[in-house]
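A short write-up of the structure that comes next.
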Amino acid sequence: ISIKDVKLYKGDMPPRFGGRLASVLDVKMRDGNSKKFAGTGGVGLISSRLTLEGPIIKDRMSFLVAGRRTYADIFLPLSSNEDIRDNKLYFYDLNAKVNHTFNKNNRLYISGYFGRDIFKNEFAYMNLGNATGTVRWNHVFSDKIFSNFMVLYSNYDYGLGTANEDDVNSFIWESGLEDIKFKGDFTWYLNKDNTIRFGISSIYHTFDPGKARGTGEESFFTEYAVQKNHAIQSGIYASNEQKIGSRLTLKYGLRFSLFQNIGPNTQYIYNDDYNPADSVLRKKGEIYNTYAGLEPRLGINFLLTETSSLKASYSRSFQYIQIAQNSTAGTPLDVWFPASPNVMPQIADQVALGYFKNFRKNTIETSVEVYYKTMENTIDFKDHAELLLNKYLEGELRFGSSYSYGVELMLRKPRGKLNGWIAYTYSRSMR
């Protein structure tokens, strides 16, 4: 997703791409075949896949199950290099979905995903994975109004440890992020020129920054855990896509977002030198901090001619969940932490303007877009910050402001025997 790609959205985007895609899982996975049983698969040099689908109740209820696995680890023992014969390197995932049509106005979808990546050599092992489950009910009120209600569970976790648990210095370190979410989205086709969307959402977050324990007699870890944090993130939004004449389309909306820290945990209070000076014990279920904000959206699309158009947009967004990442290590061992009394949410305002032009009967597409973005409460870390297994992580943070801007050029030929694209981007960020 481009840094300048501003769109009206329905609810929350997931905080992580490439892993935590549970919020869009049900949308991306197609329904199973409701007419007959079918199966497809493929065997490759790196991985194999298998998909099975078919009716449970013909024309009303169907299922789909799909799985993949790589198997580089099967061939590693055949290596002539003794150092890698016992290594492991693979991933697997499993998707499953059941959908049931009660009648023309009511449909139910139940889907799940489970996947894990495994790496192990003679020194260490690492695994990370996602588990999600979604129940979605689609209801049609009339030929103009329909809705989707969804309950979602998502758990992202990872582990790191020594390869041999019997070593005297062996240890295990684990961390994760768990979400329980409810959302309801409505679409109202008011008339041929106005499509209104509105809805609500609420997520209960559980942040587990990490826990470690030694498994060897001389391990430098004893039983150690950084406290879990809990938060509730909610939102309500409304937007309209409005056509004015044959040339102008407006997309505008407003979202109210709310973020609340909730016990149980220990809230640390820091002095001017970022050192912990006091603490407050928060009880289970106690809401002890609240942030709220309005997030407007505006998009304009104006057709200059049949082959050219101008697009402009503005958005404001609040980011309540942050990530602490060691930039010197290319691993997925990230620590997620929420906004709190010591960490204000990051706020971004962004404007973008683009010109789009097609040539040769729309067989060649060109575009140029510019954007400018300002950010408040930008987070950085002090020099030599300790990010992992640090219960005083908030004392390692520093805050400021930032801005970014850029231009993107694109030339694309989407059809014909010869097709492709070429693009150029210039962007700059200042903190």
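If you go through the range 88-109 and pick out every residue that is under 30 Å from Asp73 (Cβ atoms) and open to solvent by 30 Å² or more (accessible area, probe 1.4 Å), you end up with 8. Apart from one condition, Tyr405 fits all of (1) aromatic (Phe, Trp, Tyr); (2) under 30 Å from Leu303 (Cβ atoms); (3) open to solvent by less than 50 Å² (accessible area, probe 1.4 Å); the exception is (3).
Restricting attention to the range 226-236, the residues being under 13 Å from Phe207 (Cα atoms) and either open to solvent by 80 Å² or more (accessible area, probe 1.4 Å) or in a loop (DSSP other than H, G, I, E, B) (or both) number 3. Filtering the range 52-78 to residues that are open to solvent by 30 Å² or more (accessible area, probe 1.4 Å), in a strand (DSSP E or B) and not hydrophobic (A, V, I, L, M, F, W, C) leaves Pro55, Arg68, Arg69.
Per the conditions (1) assigned to a strand (DSSP E or B); (2) surrounded by 17 or more Cβ atoms within 10 Å (Cβ to Cβ); (3) modelled with pLDDT under 95; (4) not β-branched (Val, Ile, Thr), the sole criterion not satisfied by Ser219 is (1). The numbered conditions (1) more than 30 Å from Leu160 (Cβ to Cβ); (2) at pLDDT 90 or above are all true for Gly395 except (1). The condition (being touching a Leu at 6+ places or on another chain (Cβ under 7 Å), in a strand (DSSP E or B) and open to solvent by 30 Å² or more (accessible area, probe 1.4 Å)) is satisfied by just one residue among Val370, Val351: Val370. Taking the criterion of being in contact with a Ser or Thr (Cβ under 6 Å, 6 or more places away or on another chain), modelled with pLDDT of 95 or more and farther than 22 Å from Phe182 by Cα, the residues of the range 227-267 that qualify are Glu241, Lys243. Scanning the range 237-263 for residues that are open to solvent by 50 Å² or more (accessible area, probe 1.4 Å) and outside any strand (DSSP E or B) returns Gly245, Ser246, Arg247.
The values are calculated or read from the model by the stated rules, or taken from the named source; none is laboratory data. Keep in mind that what you see is a predicted model, and the values were worked out from it rather than measured. Neighbour counts are summed over all protein chains in view; Cβ atoms, including those assigned to glycine, are modelled from backbone coordinates with ideal geometry. Ligands, DNA and RNA are stripped out before the accessible areas are found, and what is left, the full protein with its side chains, is counted by its heavy atoms. Shrake-Rupley method; radii C 1.70, N 1.55, O 1.52, S 1.80 Å.
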